[in-house]
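The values are calculated or read from the model by the stated rules, or taken from the named source; none is laboratory data. Here the structure is a predicted model, which means the values were calculated and not measured. Cβ: placed from backbone, ideal geometry, glycine included. Neighbour counts: every protein chain shown. Heavy atoms of the whole protein, side chains included, go into the accessibility calculation; ligands, DNA and RNA do not. Shrake-Rupley method; radii C 1.70, N 1.55, O 1.52, S 1.80 Å.
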Amino acid sequence: MSDNRVRRQIFDALNSALAIPGDPVPEPPAPSTPSMTRHEKINRLSELMTAIRTEVHETTAADWPSVLQQVLSEKGVKALAYGSRSKLGPTIAAAWKAAAQNALPVLVPYDDPIEDFKSRLFEIDAGITTTVGAVADVGAVILWPDATEPRLLSLVPAVHIAVLKASTIDETLAAAMARHRWSQGMPTNALLISGPSKTADIEFKLVFGVHGPKEMVLIIIADQ
């Protein structure tokens, strides 16, 4: 029997099998969303992120710049990179202007083209970013990097600081996707971050900071 004939018989058998109607497969039910109060969502998120070495601080809209300054002072941070045109930018700049400059890290605004800024970023020990929300049941914050806050701000410096409004914490990823209408337009680069960079590829030991920040700080603004 020729190879072509054998091949034709195999394909004929496959096509015949595909033509046999099978049992209809029902649509799976939508995953249930646990109901949590805002306090429960904050606690769940904090518990899970703290478990993998994220430092969590809960504060208010009025006090978070002071908390940020205290954290940076305790860690001995020398320079802080931030998006000068981001939502946090004006508040950070104003807080630094009102404080004694010699007691604070140098502010390094991201306001140059990324190709000009990225070489400087490797010399800066902390970066701060906004968040668009968080997922309580897995313990992760959601970042959408853009032109004002590129991915490098949360990836390159040894310390990554994220600022989160408590009102934007969702119970599940599905709830967060629905809130932000991902089905109508996916973000080009959505990040879910649960803690500092870690890997277990090196001799099967968990090591932090190999591919990114060694430390992560989450500042939760318990807004009303």
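Of note:
Per-residue answers, yes or no, for (1) out of contact with any strand residue (DSSP E or B) (no Cβ under 9 Å at 6 or more places or on another chain); (2) of a type in the set (S, T, N, Q); (3) at pLDDT 95 or above:
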{"site": "PRO29", "(1), (2), (3)": "yes, no, no"}
{"site": "LEU45", "(1), (2), (3)": "no, no, yes"}
{"site": "ALA62", "(1), (2), (3)": "yes, no, no"}
{"site": "GLN69", "(1), (2), (3)": "yes, yes, yes"}
{"site": "GLY89", "(1), (2), (3)": "no, no, yes"}
{"site": "VAL108", "(1), (2), (3)": "no, no, no"}
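- Residue match in segment 109-126 (condition: touching a residue at least 24 places away in the same chain (Cβ under 8 Å), closer than 17 Å to VAL163 by Cα and hydrophobic (A, V, I, L, M, F, W, C)): yes
- Within the set ARG53, ARG5, ARG38, the sole residue that is modelled with pLDDT under 95, on the phi > 0 side of the Ramachandran plot and not β-branched (Val, Ile, Thr) turns out to be ARG53.
- Only one entry in ALA134, ALA174 is small (Gly, Ala, Ser) and open to solvent by 40 Å² or more (accessible area, probe 1.4 Å), namely ALA174.
- Filter pass, ALA176 being within 25 Å of GLU58 (Cα to Cα) and either assigned to a helix (DSSP H, G or I) or free of Cβ contacts under 8 Å to residues at least 40 places away in the same chain (or both): yes
- Identification of helices (runs of 4 or more DSSP H) wholly contained in segment 10-113 with 2 or more residues that are surrounded by fewer than 10 Cβ atoms within 10 Å (Cβ to Cβ) yields 89-98.
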